[in-house]
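Written below as C-alpha coordinates is the structure these notes are about.
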Amino acid sequence: MSYARVALLVLLPLCACTMPPSLAEARWSVTRRGVAPGLRGLAPVSDRVAYVGGAAGTLRKTTDGGVSWTDVAPPGARDCDFRDVEARADGVVVAMVAGQPARLYRSPDGGDSWQLVHEDPRPAAFFDAVAFDGPRGVVFGDAIGGRLCLLETADGGRSWRDVPSPALPQPGDGEAAFAASGTCLVGGPLGFSLVTGGGPCRHVWIEPGVRYAAVDLPLQTGAPSKGAFSVAWRGARGVAVGGDYRRPEHRSGTAAVSADGGRTWQASDALGFRSGVAWLPSGEVLAVGSHGASWSGDGGRTFLPFGEEGFHCVACAPDGAVWACGADGRVARVVFAR
(Lines give C-alpha, C1' and ligand atoms only; values in the text may rest on other atoms or scores of the structure.)
Protein backbone atom coordinates (compact mmCIF):
# COMPACT_ATOMS: atom_id res chain seq x y z
CA MET A 1 0.00 0.00 0.00
CA SER A 2 1.39 3.42 -0.96
CA TYR A 3 2.11 6.16 1.59
CA ALA A 4 -0.50 8.32 -0.16
CA ARG A 5 -3.23 5.72 0.42
CA VAL A 6 -2.19 5.23 4.03
CA ALA A 7 -2.34 8.98 4.61
CA LEU A 8 -5.77 9.15 2.99
CA LEU A 9 -7.13 6.33 5.14
CA VAL A 10 -5.83 8.05 8.27
CA LEU A 11 -7.24 11.45 7.33
CA LEU A 12 -10.73 10.28 6.39
CA PRO A 13 -11.76 9.23 9.93
CA LEU A 14 -10.30 12.46 11.30
CA CYS A 15 -12.33 14.52 8.83
CA ALA A 16 -15.47 12.59 9.72
CA CYS A 17 -14.93 13.30 13.42
CA THR A 18 -14.67 17.03 12.85
CA MET A 19 -17.79 17.39 10.69
CA PRO A 20 -20.57 19.40 12.41
CA PRO A 21 -23.51 17.35 13.70
CA SER A 22 -26.60 17.13 11.50
CA LEU A 23 -30.22 18.05 12.15
CA ALA A 24 -31.16 14.64 10.77
CA GLU A 25 -30.27 13.26 14.22
CA ALA A 26 -31.34 16.13 16.45
CA ARG A 27 -34.34 17.21 18.52
CA TRP A 28 -35.72 20.13 20.49
CA SER A 29 -35.04 20.37 24.22
CA VAL A 30 -37.47 22.86 25.75
CA THR A 31 -35.86 24.67 28.68
CA ARG A 32 -38.66 27.06 29.58
CA ARG A 33 -42.42 27.07 28.99
CA GLY A 34 -45.57 28.81 30.16
CA VAL A 35 -43.99 31.40 32.46
CA ALA A 36 -43.87 34.51 30.30
CA PRO A 37 -45.70 36.28 27.46
CA GLY A 38 -44.83 35.47 23.86
CA LEU A 39 -41.14 35.83 23.07
CA ARG A 40 -39.94 37.30 19.76
CA GLY A 41 -36.50 38.66 20.64
CA LEU A 42 -33.59 36.22 20.79
CA ALA A 43 -29.84 36.72 21.16
CA PRO A 44 -27.77 33.59 21.85
CA VAL A 45 -24.16 34.28 22.83
CA SER A 46 -23.09 30.67 23.43
CA ASP A 47 -24.48 27.31 24.51
CA ARG A 48 -24.67 28.75 28.05
CA VAL A 49 -25.57 32.42 27.60
CA ALA A 50 -28.63 33.79 25.81
CA TYR A 51 -31.15 36.64 26.02
CA VAL A 52 -34.87 36.56 25.17
CA GLY A 53 -37.34 39.42 24.89
CA GLY A 54 -41.07 39.86 24.50
CA ALA A 55 -44.21 41.64 25.60
CA ALA A 56 -45.01 43.09 29.04
CA GLY A 57 -41.43 44.26 29.60
CA THR A 58 -39.99 40.76 29.26
CA LEU A 59 -36.21 40.72 28.90
CA ARG A 60 -34.41 37.75 30.44
CA LYS A 61 -30.93 36.23 30.47
CA THR A 62 -29.57 32.76 31.15
CA THR A 63 -25.97 31.86 31.92
CA ASP A 64 -26.49 28.14 32.49
CA GLY A 65 -27.91 26.94 29.19
CA GLY A 66 -31.52 27.76 30.02
CA VAL A 67 -31.81 26.03 33.40
CA SER A 68 -32.50 29.36 35.13
CA TRP A 69 -33.34 32.86 33.89
CA THR A 70 -32.79 36.32 35.35
CA ASP A 71 -34.92 39.40 34.70
CA VAL A 72 -32.57 42.02 33.21
CA ALA A 73 -35.16 44.47 31.85
CA PRO A 74 -34.35 48.18 32.18
CA PRO A 75 -36.13 50.06 34.98
CA GLY A 76 -39.51 51.46 33.97
CA ALA A 77 -39.91 49.12 30.98
CA ARG A 78 -42.89 47.14 32.25
CA ASP A 79 -45.07 48.12 29.28
CA CYS A 80 -42.36 47.66 26.64
CA ASP A 81 -42.46 45.03 23.92
CA PHE A 82 -38.88 43.87 23.32
CA ARG A 83 -39.16 42.49 19.78
CA ASP A 84 -35.43 42.22 19.07
CA VAL A 85 -32.24 41.79 21.08
CA GLU A 86 -28.61 41.84 19.90
CA ALA A 87 -25.81 40.67 22.22
CA ARG A 88 -22.02 40.30 22.04
CA ALA A 89 -19.64 38.10 23.97
CA ASP A 90 -18.08 41.16 25.65
CA GLY A 91 -21.36 41.95 27.40
CA VAL A 92 -22.74 44.67 25.11
CA VAL A 93 -26.49 44.22 24.60
CA VAL A 94 -28.89 46.31 22.50
CA ALA A 95 -32.61 45.79 23.14
CA MET A 96 -35.27 47.16 20.78
CA VAL A 97 -38.78 48.18 21.84
CA ALA A 98 -41.12 47.98 18.85
CA GLY A 99 -43.33 50.95 19.61
CA GLN A 100 -45.42 53.26 21.81
CA PRO A 101 -42.84 54.63 22.11
CA ALA A 102 -40.25 53.03 19.86
CA ARG A 103 -37.00 52.79 21.83
CA LEU A 104 -33.46 51.42 21.87
CA TYR A 105 -31.69 50.50 25.10
CA ARG A 106 -27.99 49.66 25.41
CA SER A 107 -26.17 47.78 28.16
CA PRO A 108 -22.36 47.61 28.40
CA ASP A 109 -22.37 44.91 31.08
CA GLY A 110 -24.67 42.07 30.11
CA GLY A 111 -27.88 43.70 31.31
CA ASP A 112 -26.70 44.87 34.74
CA SER A 113 -27.21 48.51 33.73
CA TRP A 114 -28.96 50.20 30.81
CA GLN A 115 -28.99 53.49 28.94
CA LEU A 116 -31.86 54.71 26.77
CA VAL A 117 -29.93 55.60 23.59
CA HIS A 118 -32.80 56.44 21.23
CA GLU A 119 -36.52 57.14 21.45
CA ASP A 120 -39.11 58.08 18.81
CA PRO A 121 -42.21 59.42 20.59
CA ARG A 122 -44.35 59.66 17.44
CA PRO A 123 -47.48 57.46 17.86
CA ALA A 124 -46.93 55.93 14.41
CA ALA A 125 -43.29 54.98 15.06
CA PHE A 126 -42.79 51.21 15.03
CA PHE A 127 -39.42 49.47 14.89
CA ASP A 128 -39.22 46.03 13.26
CA ALA A 129 -35.63 44.86 13.80
CA VAL A 130 -32.08 45.88 14.64
CA ALA A 131 -28.93 44.34 13.15
CA PHE A 132 -25.19 44.81 13.57
CA ASP A 133 -22.07 44.24 11.51
CA GLY A 134 -19.27 44.99 13.95
CA PRO A 135 -19.75 48.49 15.39
CA ARG A 136 -22.07 49.45 12.51
CA GLY A 137 -25.74 48.84 13.01
CA VAL A 138 -29.13 49.71 11.53
CA VAL A 139 -32.73 49.76 12.73
CA PHE A 140 -35.61 49.43 10.30
CA GLY A 141 -39.10 50.73 11.02
CA ASP A 142 -42.47 50.96 9.30
CA ALA A 143 -43.28 53.87 7.03
CA ILE A 144 -44.40 57.21 8.43
CA GLY A 145 -45.76 59.76 6.00
CA GLY A 146 -44.87 57.63 3.00
CA ARG A 147 -41.25 57.17 4.08
CA LEU A 148 -39.68 54.04 5.51
CA CYS A 149 -37.73 54.52 8.74
CA LEU A 150 -34.01 53.72 8.92
CA LEU A 151 -31.57 54.53 11.72
CA GLU A 152 -27.85 53.83 11.81
CA THR A 153 -25.02 53.73 14.33
CA ALA A 154 -21.26 53.63 13.85
CA ASP A 155 -20.27 53.26 17.51
CA GLY A 156 -21.83 49.97 18.57
CA GLY A 157 -25.22 51.44 19.41
CA ARG A 158 -24.14 54.29 21.72
CA SER A 159 -25.68 56.87 19.39
CA TRP A 160 -28.12 56.70 16.47
CA ARG A 161 -29.02 58.98 13.60
CA ASP A 162 -31.84 59.07 11.07
CA VAL A 163 -30.82 58.02 7.55
CA PRO A 164 -32.16 60.25 4.75
CA SER A 165 -35.03 58.87 2.67
CA PRO A 166 -33.04 58.17 -0.55
CA ALA A 167 -31.25 55.34 1.25
CA LEU A 168 -34.42 53.23 0.99
CA PRO A 169 -36.90 52.48 -1.81
CA GLN A 170 -40.32 54.10 -1.87
CA PRO A 171 -42.68 51.79 0.06
CA GLY A 172 -45.45 50.13 -1.91
CA ASP A 173 -49.08 50.16 -0.79
CA GLY A 174 -49.17 48.45 2.60
CA GLU A 175 -45.48 47.46 2.47
CA ALA A 176 -43.70 47.08 5.79
CA ALA A 177 -41.56 44.56 7.63
CA PHE A 178 -42.74 42.01 10.18
CA ALA A 179 -41.48 42.44 13.74
CA ALA A 180 -42.02 38.73 14.29
CA SER A 181 -38.55 37.38 15.01
CA GLY A 182 -35.99 40.18 14.79
CA THR A 183 -34.66 38.60 11.58
CA CYS A 184 -36.44 40.50 8.83
CA LEU A 185 -33.20 42.55 8.96
CA VAL A 186 -29.76 40.92 9.19
CA GLY A 187 -26.17 41.53 8.19
CA GLY A 188 -25.12 39.93 4.93
CA PRO A 189 -22.35 39.79 2.31
CA LEU A 190 -23.41 43.03 0.58
CA GLY A 191 -24.49 45.18 3.50
CA PHE A 192 -27.67 44.86 5.53
CA SER A 193 -30.36 42.54 4.21
CA LEU A 194 -34.07 43.35 4.62
CA VAL A 195 -37.24 41.48 3.62
CA THR A 196 -40.71 43.02 3.50
CA GLY A 197 -44.36 42.10 3.12
CA GLY A 198 -47.85 43.36 3.89
CA GLY A 199 -48.17 44.59 0.29
CA PRO A 200 -45.23 44.10 -2.04
CA CYS A 201 -42.86 41.36 -0.89
CA ARG A 202 -39.26 42.35 -1.54
CA HIS A 203 -35.65 41.79 -0.59
CA VAL A 204 -33.59 44.95 -0.13
CA TRP A 205 -29.83 45.35 0.23
CA ILE A 206 -29.16 48.45 2.31
CA GLU A 207 -25.90 50.37 2.48
CA PRO A 208 -26.91 53.39 4.59
CA GLY A 209 -26.33 56.71 2.90
CA VAL A 210 -24.90 55.03 -0.19
CA ARG A 211 -27.32 52.80 -2.08
CA TYR A 212 -30.03 50.17 -1.99
CA ALA A 213 -31.08 47.39 -4.34
CA ALA A 214 -34.58 45.88 -4.18
CA VAL A 215 -36.00 42.81 -5.94
CA ASP A 216 -39.35 41.02 -5.66
CA LEU A 217 -39.55 37.75 -3.73
CA PRO A 218 -41.66 34.74 -4.83
CA LEU A 219 -43.46 34.46 -1.48
CA GLN A 220 -47.12 34.94 -0.60
CA THR A 221 -48.07 38.59 -0.91
CA GLY A 222 -50.94 41.02 -1.32
CA ALA A 223 -52.37 41.10 2.23
CA PRO A 224 -51.28 42.52 5.60
CA SER A 225 -50.66 39.00 6.93
CA LYS A 226 -48.54 37.83 3.99
CA GLY A 227 -44.95 38.29 2.92
CA ALA A 228 -41.37 37.55 3.90
CA PHE A 229 -40.67 37.40 7.64
CA SER A 230 -37.03 36.35 7.94
CA VAL A 231 -33.84 36.06 5.90
CA ALA A 232 -30.46 34.41 6.50
CA TRP A 233 -27.18 34.28 4.56
CA ARG A 234 -24.23 31.95 4.16
CA GLY A 235 -21.93 33.82 1.81
CA ALA A 236 -23.84 34.46 -1.42
CA ARG A 237 -26.49 31.84 -0.56
CA GLY A 238 -29.65 33.28 0.93
CA VAL A 239 -32.86 31.81 2.32
CA ALA A 240 -36.00 33.86 3.00
CA VAL A 241 -39.10 32.45 4.71
CA GLY A 242 -42.61 33.66 5.41
CA GLY A 243 -46.09 33.00 4.09
CA ASP A 244 -49.41 33.93 5.69
CA TYR A 245 -49.48 33.93 9.50
CA ARG A 246 -53.28 33.81 9.44
CA ARG A 247 -53.19 30.58 7.43
CA PRO A 248 -50.05 28.86 8.71
CA GLU A 249 -50.87 25.52 7.10
CA HIS A 250 -50.61 26.91 3.56
CA ARG A 251 -47.29 25.77 2.11
CA SER A 252 -47.11 27.59 -1.21
CA GLY A 253 -44.87 30.68 -1.20
CA THR A 254 -43.36 30.05 2.23
CA ALA A 255 -39.67 30.11 1.25
CA ALA A 256 -37.30 31.41 -1.41
CA VAL A 257 -33.62 30.77 -2.08
CA SER A 258 -30.86 32.70 -3.81
CA ALA A 259 -27.46 31.47 -4.95
CA ASP A 260 -26.19 34.76 -6.36
CA GLY A 261 -26.27 37.20 -3.48
CA GLY A 262 -29.94 38.09 -3.87
CA ARG A 263 -29.97 39.12 -7.51
CA THR A 264 -32.43 36.30 -8.29
CA TRP A 265 -34.68 34.14 -6.10
CA GLN A 266 -36.42 30.80 -6.62
CA ALA A 267 -39.57 29.72 -4.80
CA SER A 268 -39.43 26.90 -2.24
CA ASP A 269 -41.74 25.16 0.23
CA ALA A 270 -40.90 25.40 3.95
CA LEU A 271 -43.90 23.15 4.80
CA GLY A 272 -45.99 26.03 6.14
CA PHE A 273 -45.74 29.54 7.53
CA ARG A 274 -42.29 30.30 8.94
CA SER A 275 -41.21 33.46 10.78
CA GLY A 276 -37.55 32.64 11.48
CA VAL A 277 -34.69 30.98 9.62
CA ALA A 278 -31.02 30.34 10.39
CA TRP A 279 -27.98 28.67 8.82
CA LEU A 280 -26.17 26.13 10.99
CA PRO A 281 -22.41 25.37 10.96
CA SER A 282 -23.23 22.12 9.16
CA GLY A 283 -24.54 24.11 6.19
CA GLU A 284 -28.09 23.04 6.98
CA VAL A 285 -31.01 25.45 7.32
CA LEU A 286 -33.52 25.47 10.19
CA ALA A 287 -36.83 27.35 9.84
CA VAL A 288 -39.44 27.88 12.56
CA GLY A 289 -43.01 29.12 12.71
CA SER A 290 -45.91 29.33 15.12
CA HIS A 291 -47.19 25.89 14.11
CA GLY A 292 -44.02 23.93 13.41
CA ALA A 293 -40.41 23.80 12.25
CA SER A 294 -38.59 22.37 9.26
CA TRP A 295 -35.02 21.83 8.14
CA SER A 296 -33.16 21.66 4.85
CA GLY A 297 -29.94 19.93 3.91
CA ASP A 298 -29.75 21.51 0.45
CA GLY A 299 -29.69 25.21 1.20
CA GLY A 300 -33.45 25.70 1.40
CA ARG A 301 -34.47 24.10 -1.89
CA THR A 302 -36.37 21.33 -0.07
CA PHE A 303 -37.47 20.97 3.56
CA LEU A 304 -38.32 18.18 5.99
CA PRO A 305 -40.29 18.44 9.28
CA PHE A 306 -38.31 19.06 12.47
CA GLY A 307 -40.10 18.12 15.68
CA GLU A 308 -43.61 19.17 16.65
CA GLU A 309 -42.91 22.40 18.54
CA GLY A 310 -43.68 25.83 17.16
CA PHE A 311 -41.52 28.93 17.68
CA HIS A 312 -41.37 32.55 16.54
CA CYS A 313 -37.60 32.86 16.10
CA VAL A 314 -34.43 30.81 15.84
CA ALA A 315 -30.75 31.77 15.99
CA CYS A 316 -27.33 30.14 16.02
CA ALA A 317 -24.68 31.28 18.54
CA PRO A 318 -21.05 31.74 17.45
CA ASP A 319 -20.16 28.41 19.06
CA GLY A 320 -22.84 26.59 17.04
CA ALA A 321 -25.50 26.32 19.76
CA VAL A 322 -29.01 26.67 18.28
CA TRP A 323 -31.72 28.43 20.30
CA ALA A 324 -35.40 29.19 19.60
CA CYS A 325 -38.23 30.96 21.43
CA GLY A 326 -41.92 31.54 20.90
CA ALA A 327 -45.39 31.70 22.39
CA ASP A 328 -46.16 31.08 26.08
CA GLY A 329 -42.61 31.89 27.13
CA ARG A 330 -41.28 28.84 25.30
CA VAL A 331 -37.48 28.62 24.91
CA ALA A 332 -35.64 25.64 23.46
CA ARG A 333 -32.28 24.44 22.25
CA VAL A 334 -31.43 21.94 19.55
CA VAL A 335 -29.85 18.81 21.00
CA PHE A 336 -27.69 16.84 18.56
CA ALA A 337 -27.13 13.11 18.70
CA ARG A 338 -23.38 13.62 19.13
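Rolling a 1.4 Å probe across all protein chains gives TYR105 an accessible area of roughly 20 Å². Modelled spin labels at ASP133 and ARG246, positioned 7 Å past Cα toward Cβ, are 3.6 nm from each other. Would any residue of region 117-146 have its amide N under 20 Å from a label point 7 Å out along Cα→Cβ of GLU207? List them or say none. In region 117-146, the label zone of GLU207 (backbone N under 20 Å from the point 7 Å along Cα→Cβ) covers 131-140. Extension gain for ASP90 to ASP173 (0.36 nm times residue separation, less C-alpha to C-alpha distance): 25.7 nm.
Tell me the net charge near GLY54. Cut-off is 14 Å between Cβ atoms, GLY54 excluded, with +1 for each Lys or Arg and -1 for each Asp or Glu.
Net charge in that neighbourhood comes out at +3.
With R₀ set to 51 Å, the beta-carbon distance separating ARG147 from ALA337 gives a calculated FRET efficiency near 0.55.
Treating each Cα of the chain as an identical point scatterer and ignoring solvent, apply the Debye formula and state log10 I(q)/I(0) at q = 0.08, 0.15 Å⁻¹. Normalising to I(0) and taking log10 leaves -0.35, -1.22. The order of HIS203, HIS250, HIS312, HIS291 by accessible area, most exposed first and with a 1.4 Å probe, is HIS291, HIS250, HIS312, HIS203. Normalised by the number of residues in the chain, the mean separation of alpha-carbon contacts (under 8 Å, six or more apart) gives a relative contact order of 15 percent. Each residue, ALA236 and ALA259, gets one label point 7 Å from its Cα in the Cβ direction; the gap between the two is 1.1 nm. Could you grab the relative contact order for region 210-280? Cα pairs under 8 Å, six or more apart, rounded to a whole percent. Reported as a whole number, the value is 32 percent. Converting phi to 3J(HN,Hα) with the Karplus coefficients 6.51, -1.76 and 1.60 and the offset θ = phi - 60°, region 71-83 yields 6, 10, 5, x, x, x, 10, 4, 8, 7, 10, 7, 7 Hz in sequence order, with x at every glycine or proline.
Specify the longest stretch of the chain that does not include any exposed loop site, a site being one of the GluC sites (Glu not before Pro) with a non-H, G, I, E, B DSSP assignment and at most 13 other Cβ atoms within 10 Å. Here the longest run is 1-248. Pairing the Cα long axis of helix 3-18 with the longest principal axis of the chain, what angle in degrees results, from 0 to 90 and rounded to the nearest 10? Rounded to the nearest ten degrees, it is 40.
Remark on VAL72: its backbone amide H falls under 5 Å from those of LEU59, ARG60, LYS61, a criterion applied only to residues 5 or more positions apart or on other chains, H modelled at 1.01 Å from N. For region 39-195, the relative contact order is 16 percent, taking Cα pairs closer than 8 Å that sit 6 or more residues apart in sequence and dividing their mean separation by the residue count.
Extension gain, ARG27 to VAL117, is 28.5 nm, computed as 0.36 nm per intervening residue step minus the present C-alpha separation. How charged is the neighbourhood of ASP244? Take every other residue with its Cβ under 14 Å from the Cβ of ASP244, and add Lys/Arg as +1 and Asp/Glu as -1. Cβ neighbours under 14 Å give a net charge of +3.
The values are calculated or read from the model by the stated rules, or taken from the named source; none is laboratory data. Everything numeric in this text was worked out from a predicted model, so none of it was measured. In this analysis, Cβ positions are derived from the backbone assuming ideal geometry, glycine residues included, and neighbour counts consider all displayed protein chains. Remember, those area values only see protein heavy atoms, side chains included, never the ligands or the DNA or RNA. Shrake-Rupley method; radii C 1.70, N 1.55, O 1.52, S 1.80 Å.
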